[in-house]
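The values are calculated or read from the model by the stated rules, or taken from the named source; none is laboratory data. These figures come from a predicted structure and were not determined experimentally. All Cβ positions, glycine included, derive from the backbone under ideal geometry; neighbour counts span all protein chains shown. These accessible areas exclude ligands, DNA and RNA; they are computed on the full protein's heavy atoms, side chains included. Shrake-Rupley method; radii C 1.70, N 1.55, O 1.52, S 1.80 Å.
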Amino acid sequence: PAETERIEELGGLVIRGRVHGVLAVSRAMGDPELQPFVTPEPQVSLLRRRAGDGALILGSDGVWGVLPDAEACSLASEQPSAQAAAQALVDVSDARGGRDNASAIVIRWTVPEAKPGRA
């Protein structure tokens with residue numbers, strides 16, 4: 001809703017969930033014919049990591065268009081490595097008939113275990 005409002009305030013249209021009925025994303029590099037409605041300025045959120053958070057998934061609209069967040073997280077966590085997780089996300093996106101480019105990067109981290117005698 002916020003992106004639709006941003007686009008409409010600039011005089012653009014969102015038709016069937018697409019900017020000017022063409023592009024499914026409102027933040028992208030390129031597509032100069034759709035500027036200023038499509039902008040390369042990223043939408044940024046700051047979140048605190050919590051115990052149990054083990055990875056960050058960066059995915060293109062080709063991934064998020066066919067995989068809900070929770071399912072992507074579950075699928076990625078079942079893989080033996082970050083690289084295998086990224087490949088699984090792309091493979092599932094393709095298998096589900098994603099009509100767009102699917103790219104994924106998975107970054108895993110671990111919390112160092114507390115050493116005896118240290119808090």
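Could you please let me know if ILE57 is outside any loop (DSSP other than H, G, I, E, B), of a type in the set (A, V, I, L, M, F, W, C) and open to solvent by 90 Å² or more (accessible area, probe 1.4 Å)? In short, no.
Tallying residues that are in a loop (DSSP other than H, G, I, E, B) and in contact with a Leu (Cβ under 8 Å, 6 or more places away or on another chain) within the range 60-81 yields 1. Kindly indicate whether any position in the range 103-117 is in contact with a Pro (Cβ under 9 Å, 6 or more places away or on another chain) and modelled with pLDDT of 85 or more. The answer is no; no qualifying residue exists. Inspect all residues belonging to the range 2-19 and state whether any of them is among the β-branched types (Val, Ile, Thr), in a loop (DSSP other than H, G, I, E, B) and touching a strand residue (DSSP E or B) at 6+ places or on another chain (Cβ under 8 Å). No, every residue in the range 2-19 fails to be among the β-branched types (Val, Ile, Thr), in a loop (DSSP other than H, G, I, E, B) and touching a strand residue (DSSP E or B) at 6+ places or on another chain (Cβ under 8 Å). Within the range 21-50, the set of residues being free of Cβ contacts under 8 Å to residues at least 12 places away in the same chain, over 18 Å from TRP64 (Cα atoms) and under 16 Å from the mean Cα position of the chain (by Cα) comprises LEU46, LEU47. Answer with yes or no whether VAL44 is in a loop (DSSP other than H, G, I, E, B), under 29 Å from ALA2 (Cα atoms) and of a type in the set (Val, Ile, Thr). Against the criterion (in a loop (DSSP other than H, G, I, E, B), under 29 Å from ALA2 (Cα atoms) and of a type in the set (Val, Ile, Thr)), VAL44 qualifies.
Just one residue in the set GLN43, GLN79, GLN35, GLN83 is modelled with pLDDT of 95 or more, of a type outside the set (Ser, Thr, Tyr) and open to solvent by 50 Å² or more (accessible area, probe 1.4 Å); that residue is GLN83.
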